Amino acid sequence: MLFFAKTPAPVVHPARGDLLDLILVVVALLYAVRGYRRGVILGILSFGGWLAGAGVGALLAPRIARVFFHTNLNATHSLGQRVLGLAVVIVFSIIGEYFGVLIGLRFRRAAFATPLRIFDSIGGAALSVAGLLVVAWLVATPLSAAPFPKIARQIKHSAILAAVDRVMPSVISTAFSDLARLFQQHGFPRVFNPFSGNPLPALVVPAPNAGVVPPTIRKAGPEVVKITGLAESCSLEVEGSGFVYAPQHVMTNAHVVAGVRSPRVTLPAPGAATLAARVVLYDPDRDIAILYVPALRRPPLRFDGTMKTRADGVVAGYPENGPLKAVPARVAGEQEVTGPNIYGNKEVTRDVYTLRADVRHGNSGGPLLTTSGEVGGVIFAANAEVPNVGYALTHREVSSDARAGAHRTSAVSTQGCD
């Protein structure tokens, strides 16, 4: 179930989605006139060509961008990558529409001389409006992940785009999911559906207590590890965080090791070392992976499922591929959240903590620690619009994967990185 924002009428709130909806209505009227003149036959073939070209471009854009801009998989995508990716989609869509128009003109001339002309024109108007809404939805999908908070808010709160999203086949959104990830401003997966107005718990909780960090990290820091590797399917280096949760077993996010065959686990001092590992459980829906590390001898951290709203905590990990860093956190709320899995091809519901904390890429897979040094949750995302808001999978959410992977030693597939 998706949660879409309800737009109060008739008041216009530009900070929500009303301004975007107003623009869509005006442009739709103009497209209706254009479509009436062109007719349904030409409209179908030209739009079909555009859609086919855009689909091909969306599939190729991330791959082409990676050829010219080699980058860390979990790092911020550069402006050059985004511009090149968008340009690829535009070029392919124009080529597709061009060939669609060439074919459509031949059929249009035949229909123009028959009594069916009026039906062709009316159908053309309807098709043009429908096509506009589909195009707007397709364009909004990657833009909702781009680092433009005002645009993202308009998209998330648009009643029109939400309605289109409800009737759009999942196969189309899947085809554009790679392009959407190219526009993300960090290496985290999406928490919410891009057209969802999911209300976040109001961040009325006090600021995190920095005083809890030193004693907490002294207790749990040695068991928080860095995870690196090569995603061979797209030739990209990956990095993230994890923690020892069972003897010789480390928990992290699935998106940290997606496409990685031979991850490496780096232990912090004292006794710093880099150890070979293999993924023995891979859950892209929940975004959890379990690594078996044969040479690992550090004691496991314990889970604590008692964290409540307003509880103090610590986010520990390796942000920006740097050294171990711990920052204070405050639990702002717990909720069941529906959104895409890490590949964007399936809707899943997860139990999530919303945190008031500075969560950065590289923190993915690290623990949300309680003040007693136990694991209250697993960091997996940050808010793209609101600073210092992060998300952690709760103990209840990850417990089944934790039990399933604690004794496994055989490698499993990590699918692809995209």
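Per-residue answers, yes or no, for (1) within 13 Å of Lys325 (Cα to Cα); (2) in contact with a helix residue (DSSP H, G or I) (Cβ under 9 Å, 6 or more places away or on another chain); (3) modelled with pLDDT of 95 or more; (4) among the small types (Gly, Ala, Ser):
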residue: Thr216; (1), (2), (3), (4): yes, no, yes, no
residue: Pro222; (1), (2), (3), (4): yes, no, yes, no
residue: Thr228; (1), (2), (3), (4): no, yes, yes, no
residue: Glu232; (1), (2), (3), (4): no, no, no, no
residue: Ser241; (1), (2), (3), (4): yes, yes, yes, yes
residue: Ala273; (1), (2), (3), (4): no, no, yes, yes
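Check whether at least one residue in the range 395-407 is hydroxyl-bearing (Ser, Thr, Tyr) and closer than 20 Å to Leu291 by Cα, and report yes or no.
Step one: filter the range 395-407 for residues hydroxyl-bearing (Ser, Thr, Tyr), giving 399-400.
Filter once more, keeping what is closer than 20 Å to Leu291 by Cα: 399-400.
Yes, the range 395-407 contains at least one residue that is hydroxyl-bearing (Ser, Thr, Tyr) and closer than 20 Å to Leu291 by Cα.
Ala411: surrounded by fewer than 22 Cβ atoms within 10 Å (Cβ to Cβ), part of a helix (DSSP H, G or I), of a type outside the set (Asp, Glu) and in contact (Cβ under 8 Å) with a residue 60 or more places away in the chain, yes or no? Before the answer, list the steps.
Working: surrounded by fewer than 22 Cβ atoms within 10 Å (Cβ to Cβ): yes; part of a helix (DSSP H, G or I): no; of a type outside the set (Asp, Glu): yes; in contact (Cβ under 8 Å) with a residue 60 or more places away in the chain: yes.
When the stated conditions are applied, Ala411 does not pass them.
Considering each of Pro208, Pro201, Pro194, Pro189 in turn, give the residue that is at pLDDT 90 or above, part of a loop (DSSP other than H, G, I, E, B) and in contact with an Asp or Glu (Cβ under 9 Å, 6 or more places away or on another chain).
Criteria check complete, one pass: Pro208.
Identify the single condition in (1) small (Gly, Ala, Ser); (2) in a strand (DSSP E or B); (3) closer than 12 Å to Thr371 by Cα that Gly240 does not satisfy, given that it satisfies every other one.
Answer for Gly240: the failing condition is (3).
Whether any residue in the range 324-333 is touching a strand residue (DSSP E or B) at 6+ places or on another chain (Cβ under 8 Å), modelled with pLDDT of 95 or more and not in a strand (DSSP E or B) is what I want to check.
yes
How many residues does the range 320-329 hold that are surrounded by 19 or more Cβ atoms within 10 Å (Cβ to Cβ) and either at positive phi or in contact (Cβ under 8 Å) with a residue 60 or more places away in the chain (or both)? Explain how you work it out, then say what you get.
Filtering the range 320-329 down to residues surrounded by 19 or more Cβ atoms within 10 Å (Cβ to Cβ) leaves 324-329.
Filter once more, keeping what is either at positive phi or in contact (Cβ under 8 Å) with a residue 60 or more places away in the chain (or both): 324, 326-329.
Going through the range 320-329 one residue at a time, the tally reaches 5.
Please determine whether any residue of the range 292-306 is assigned to a strand (DSSP E or B) and either under 22 Å from the mean Cα position of the chain (by Cα) or outside the structural domain of Ser372 (by the TED database) (or both).
Going residue by residue through the range 292-306, those that are assigned to a strand (DSSP E or B) are 292, 303.
Adding the requirement that they be either under 22 Å from the mean Cα position of the chain (by Cα) or outside the structural domain of Ser372 (by the TED database) (or both) leaves none.
Checking the range 292-306: not a single residue is assigned to a strand (DSSP E or B) and either under 22 Å from the mean Cα position of the chain (by Cα) or outside the structural domain of Ser372 (by the TED database) (or both).
The values are calculated or read from the model by the stated rules, or taken from the named source; none is laboratory data. Small disclaimer: the values here were computed from a predicted structure and weren't measured. Don't worry about glycine lacking a Cβ; one is built from the backbone with ideal geometry, like all the others, and counts go over all protein chains shown.
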